[in-house]
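Presented below is the structure to which this report refers.
The values are calculated or read from the model by the stated rules, or taken from the named source; none is laboratory data. Note that this is a predicted model, so its numbers are computed, not measured. Quick reminder, even Gly has a Cβ in these numbers, built from the backbone with ideal geometry, and neighbours come from all protein chains shown. Note: accessible area is taken over every heavy atom of the protein model, side chains too, but ligands, DNA and RNA are not part of it. Shrake-Rupley method; radii C 1.70, N 1.55, O 1.52, S 1.80 Å.
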Amino acid sequence: MDYKITEYSPSFLPSLAKLLNNSFHIENKDKKRLVLWKYFDEYLHNKTITYLALDKENNVVSHYTNLPIDITYLNKTYTCMICTDMCTDIDHRGKGLITQLSTHVYNEVKKKGYDFSLGFSNDEGVEVDKHANNYGYVVVGKFVRYFKFVLYKKNIDYLLTRTDSLHQDYYSHHSKYLRIKKDHDYLYWRYIKKPNREYDVYNIMDGNRVVGYVILRFLKYKCYIYDIVTENDDKKHMITVLRSIENKALEHKVRLVIYNVLDNNYWQTLFNKYKYFKRTNNTVNYYLTIKIHNTEMPKDIILDKENWLLMNGDIL
């Protein structure tokens, strides 16, 4: 069968949403709105690069997307793309469609001067990458689960209060770790505008002062921590944030708190000291993968997991 390779246009939205739902079993009730939010929200300024493969009836049967974000490190900002949700309809696999689509996408990514692309691949995706010709992604590290059974409230200065608005930036401007630039616009898009969002946003309060945000989901007697956004990477400060989350979990009559993070020495020393357990293999495992486009990038820094701070909420 001959396939037509084309850039995304709004007329393909219903067919694209159907392909994504069939491939990933989207739980969100408003699937079209979710796709529009994720790939084509105004926050992204029409910079998302999406290519589709169409069958003879113009149905979308394969899809490849990179969407833009910024990565900060010390006083630098890198322009970056996130590779997300590539898929092919089961009846059209083995035809090299992802290879064709990714070639078109990365030609544009390089032409537009992006420094590198991030991928958050699962086990199957990493295996596919190994056998893809000239795909160019390097596995940097693995996301693992840390969890703790909380028994009693801690007497600490920080308190979490639920909010539906975000008023300020609290991301670290000069962090010694590579991380997504979570300014107000990013956070509003990522956590407030998402249709039918399944989590809650909380202010981290130090007395009357907001010092950051945490994103929590309470589900079946478990508290999942999606994100912590704060200006300070200092472990003493972070320990107090972790304890404020434990207190909030107990308020919800929840004793099990769960973090999924890109594992490195930062998280290991933070969690191990305070009696968190570690689970390295889950039903589905995720990995940080990176494809460098700018040959002047410091590869020794970018490709070292010890230089990254990433959490579950960073996986789009």
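For this structure, a couple of remarks:
- In this structure the chain gives 50 Å² per residue of accessible area when probed at 1.4 Å with all protein chains present.
- For the chain, the longest principal axis of the Cα atoms and the long axis of helix 31-40 meet at an angle of about 90 degrees.
- Shape metrics for the range 1-158, restricted to C-alpha atoms - Rg then Dmax, Å: 18.4, 66
- Using alpha-carbon coordinates, inclination of helix 235-251 to the longest axis of the chain, degrees: 90
- Shown for the range 44-121: the carbon plus sulfur share of the solvent-accessible area, taken with all protein chains present and a 1.4 angstrom probe, equals 44%.
- With every protein chain in place, the range 173-316: carbon and sulfur % of accessible area (1.4 Å): 44
- Computed FRET value (nearest 0.05) for Y221 with T161, which takes r as the C-beta separation and R₀ as 30 Å: 0.85
- A compact globular protein would have a Cα radius of gyration near 2.2 N^0.38 Å; the ratio found for the range 19-64 is 1.26.
- Per-residue packing, averaged as other Cβ atoms within 10 Å, sorts the ranges 164-175, 115-126 into the order 115-126, 164-175, beginning with the highest.
- Reciprocal mean inverse distance between Cα atoms of the chain - Kirkwood radius, Å: 20.7
- Between T6 and K153, the FRET efficiency estimated from the beta carbon spacing at R0 = 51 angstrom works out to 0.35.
- Label-to-label distance for K193 and N272 is 4.1 nm, based on points extended 7 Å past Cα in the beta-carbon direction.
- With contributions of -39500 (n - 2.57) from each DSSP H run of at least four residues, the per-residue ellipticity at 222 nm computed over the chain stands at -7500 deg cm²/dmol.
- Dipole in debye (nearest 20) - the range 67-204, about Cα centre, beta carbon charges: Lys, Arg +1; Asp, Glu -1: 440
- Mean Cα-pair separation over length for the chain, i.e. relative contact order, pairs under 8 Å, 6 or more apart, %: 22
- Normalising the average separation of contacting C-alpha pairs (under 8 angstrom, six or more residues apart) by the number of residues puts the relative contact order of the range 30-77 at 27 percent.
- Student exercise, the chain dipole from Lys, Arg, Asp, Glu Cβ charges, in Debye to nearest 20: 1060
- Reference-scaled alpha-carbon Rg (2.2 N^0.38 Å with N residues) for the range 74-206: 1.40
- Packing here is the average count of other Cβ atoms within 10 Å per residue, and on that basis the peptides 279-291, 202-214, highest first, run 202-214, 279-291.
- With Cα atoms, 0 to 90° folded angle of helix 97-111 axis to the chain main axis: 70
- Length-normalised contact order of the range 133-243 in % [C-alpha pairs under 8 Å, at least 6 apart]: 26
- For the range 48-101, Kirkwood radius (reciprocal of mean inverse C-alpha pair distance, Å): 12.7
- Convex hull volume of the range 163-295 per residue (C-alpha atoms, cubic angstrom): 160
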